[in-house]
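Structure first, then comments.
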Amino acid sequence: MQGNKRGRVLTGIRPTGRLHLGHYVGALKQWIPLQDDYECFFLIADVQALTTHAGNRELIERSVREVVLDFMAVGLDGSRDNVYFVLQSAVPALTELTTYLSMVTPQTWIDSNPTIKDELKTRRTDVTVGFMTYPVSQAADITLFSGDPKTHPGESILVPVGEDQIPHLKSTNDIVNAFHRMYGPVVLMQCAPKVSNIGRLVGTDGQGKMSKSMDNVIELADLTEAVRKKVQGMFTDPKRIRADIPGDTEDNPVFIYHRAFNPNANEVAELTKLYQEGRVGDVEVKARLFAALEMFLAPIRERRHEAEKLHIEGDLLAVGNARARRIGKLTIERVREAMGLNYPNLFNE
Ligand code: TRP
């Protein structure tokens with residue numbers, strides 16, 4: 001049953017650390033309003049995390065909890081009856097479906113996947129089979145949540161993601177089509193990508209996107225003093241050596257953050273004008289940004305504090321995992337039936 005909500009949303013994130021402002025702008029912010037209209041599944045992709053962080057047990061284990069807290073903190077609410085937090089490793093059907101889908105996925109689709117190609121360029125460790133097949137695993141993450149196409153014909157699964165995930169969603173639909181060409185009638189749903197148009201947030205150093213490995217992040221869980229220090233240390237317009245010469249506000253990270261996080265549009269407009277005219281210093285502009293970020297983070301900290309009182313596994317993940325396993329069982333049954341792998345008698349203990 002999908003309740004009276006319109007359809008399903010599935011999206012995911014790898015638990016490889018606490019979430020930061022970049023995750024908020026690029027992903028989480030777009031997910032929040034979907035909770036009002038859809039049955040939402042937010043996947044904590046701990047198995048996929050092993051494609052980049054195998055052997056880093058502690059980090060992944062700790063990050064599962066941190067990500068759940070970050071989710072709750074920004075207003076994704078796994079305690080609502082249409083919103084589920086799902087831990088990938090707790091749903092074995094995902095692994096099973098990955099294997100089945102891999103049988104209809106040509107290797108060339110993986111080799112030509114632009115995101116995979118990009119990631120291969122920067123990999124320091126050996127490339128594993130698990131890494132190379134993660135687009136198939138991601139197709140399973142999505143399509144496991146297919147409702148029954150017989151009762152929901154033409155319906156798709158909405159997947160809100162950043163731009164870099166688009167090749168994986170295209171692959172997902174290609175795989176679904178390949179599956180149906182070989183094993184029709186239709187048993188899986190297509191996915192519909194929803195790309196965030198806000199894109200990536202630059203790091204505090206202005207050097208590239210905000211990312212832990214660049215040490216240029218402000219985490220959602222950062223406390224006041226950490227935020228103050230990070231804002232004070234932010235890069236601004238490198239060509240502006242004195243406060244009384246005109247400065248750039250377009251590519252200036254301090255102004256990018258003002259535009260992203262300062263709710264006071266008048267203040268932002270005023271500061272922008274003054275800065276371009278060389279009439280306000282970096283110190284002042286940063287002090288105002290710090291104040292704005294503190295206001296933005298206040299309710300996030302408050303909700304995180306409340307969420308810390310919850311039993312993450314028992315109250316949130318257990319409910320989401322159970323729902324996912326129930327849906328997964330139905331999907332796997334349809335898939336096995338289609339593939340001629342349905343031997344119900346053999347499952348009796
Ligand atoms: N690959 C995504 C990322 O790195 C995480 C992810 C896993 C995902 N499974 C997914 C995203 C399914 C969308 C749908 O951020």
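Some points to look at:
- Glu284 being at pLDDT 95 or above, among the acidic types (Asp, Glu), more than 18 Å from Lys229 (Cβ to Cβ) and not assigned by TED's automatic domain parsing to the domain that holds Glu66: no
- Tally, over the stretch 269-313, of residues that are more than 21 Å from Ile256 (Cα to Cα) and surrounded by 13 or more Cβ atoms within 10 Å (Cβ to Cβ): 7
- Of everything in the stretch 26-37 that is within 14 Å of the ligand (Cβ to nearest atom) and touching a residue at least 60 places away in the same chain (Cβ under 8 Å), the residue that is farthest from Gly75 (Cα to Cα) is Gly26.
- Scoring Phe71 on the criteria (1) without any contact (Cβ under 8 Å) to a residue 60 or more places away in the chain; (2) farther than 19 Å from Phe145 by Cβ leaves a single failure, condition (2).
- Residue in the stretch 80-88 that is within 21 Å of Glu219 (Cβ to Cβ) and either within 15 Å of the ligand (Cβ to nearest atom) or free of Cβ contacts under 8 Å to residues at least 60 places away in the same chain (or both) present: yes
- If you go through the stretch 100-125 and keep only what is under 17 Å from Leu50 (Cα atoms) and away from the ligand (no atom under 16 Å from the Cβ), you end up with Arg124, Thr125.
- Evaluated against (1) farther than 29 Å from Ala54 by Cα; (2) in a helix (DSSP H, G or I); (3) within 15 Å of the ligand (Cβ to nearest atom), Lys194 falls short on exactly one condition, (2).
- Check on Asp248, among the acidic types (Asp, Glu), loosely packed, with under 15 Cβ neighbours inside 10 Å and modelled with pLDDT under 95: no
- In the stretch 144-175, the qualifying residues are those that are at pLDDT 95 or above, farther than 25 Å from Ala54 by Cβ and β-branched (Val, Ile, Thr), and the one that is nearest to the ligand (Cβ to nearest atom) is Val159.
- Only helices (runs of 4 or more DSSP H) whose full extent lies in the stretch 41-126 are considered here, and the ones with at least 1 residues that are aromatic (Phe, Trp, Tyr) are 57-74, 92-102, 107-111.
- Those residues of the stretch 314-343 which are farther than 21 Å from Ser89 by Cβ, without any contact (Cβ under 8 Å) to a residue 60 or more places away in the chain and open to solvent by 80 Å² or more (accessible area, probe 1.4 Å), in sequence order: Glu333, Tyr343
- Considering Gly147, Gly184, Gly162, the condition of being within 19 Å of Gly328 (Cβ to Cβ), of a type outside the set (Asp, Glu) and open to solvent by less than 50 Å² (accessible area, probe 1.4 Å) is satisfied by Gly147 alone.
- One residue stands out among those in the stretch 202-225 that are touching a Pro at 6+ places or on another chain (Cβ under 8 Å) and of a type in the set (Gly, Ala, Ser): the one that is least open to solvent (accessible area, probe 1.4 Å), which is Gly203.
- Checked against (1) in contact (Cβ under 8 Å) with a residue 12 or more places away in the chain; (2) open to solvent by 40 Å² or more (accessible area, probe 1.4 Å), Arg62 passes all but a single condition, namely (1).
- The set of residues in the stretch 38-54 that are in contact (Cβ under 8 Å) with a residue 60 or more places away in the chain and open to solvent by 10 Å² or more (accessible area, probe 1.4 Å) comprises Tyr38, Val47, Gln48, Leu50, Thr51, Thr52, Ala54.
- Restricted to the stretch 332-349, and to residues there that are touching a helix residue (DSSP H, G or I) at 6+ places or on another chain (Cβ under 7 Å) and assigned to a helix (DSSP H, G or I), the residue that is farthest from Gln190 (Cα to Cα) is Met339.
- A search for C-beta distances below 7 Å between a residue of the stretch 170-192 that is within 20 Å of Leu158 (Cα to Cα) and any residue that is of a type in the set (Ser, Thr, Tyr) and open to solvent by 40 Å² or more (accessible area, probe 1.4 Å), counting only pairs 6+ apart in sequence or on different chains, returns Met189/Ser156; Gln190/Ser156; Cys191/Ser156; Ala192/Ser156.
- Options Arg228, Arg240; residue that is more than 23 Å from Ala298 (Cα to Cα) and either surrounded by 13 or more Cβ atoms within 10 Å (Cβ to Cβ) or in contact (Cβ under 8 Å) with a residue 24 or more places away in the chain (or both): Arg240
The values are calculated or read from the model by the stated rules, or taken from the named source; none is laboratory data. Quantities reported herein were computed from a predicted structural model and do not represent experimental measurements. A quick note on method: Cβ atoms are made from the backbone with ideal geometry, for glycine too, and the neighbour counts reach across all protein chains shown. Just the protein is used for accessible areas: all its heavy atoms, side chains included, with ligands, DNA and RNA removed. Shrake-Rupley method; radii C 1.70, N 1.55, O 1.52, S 1.80 Å.
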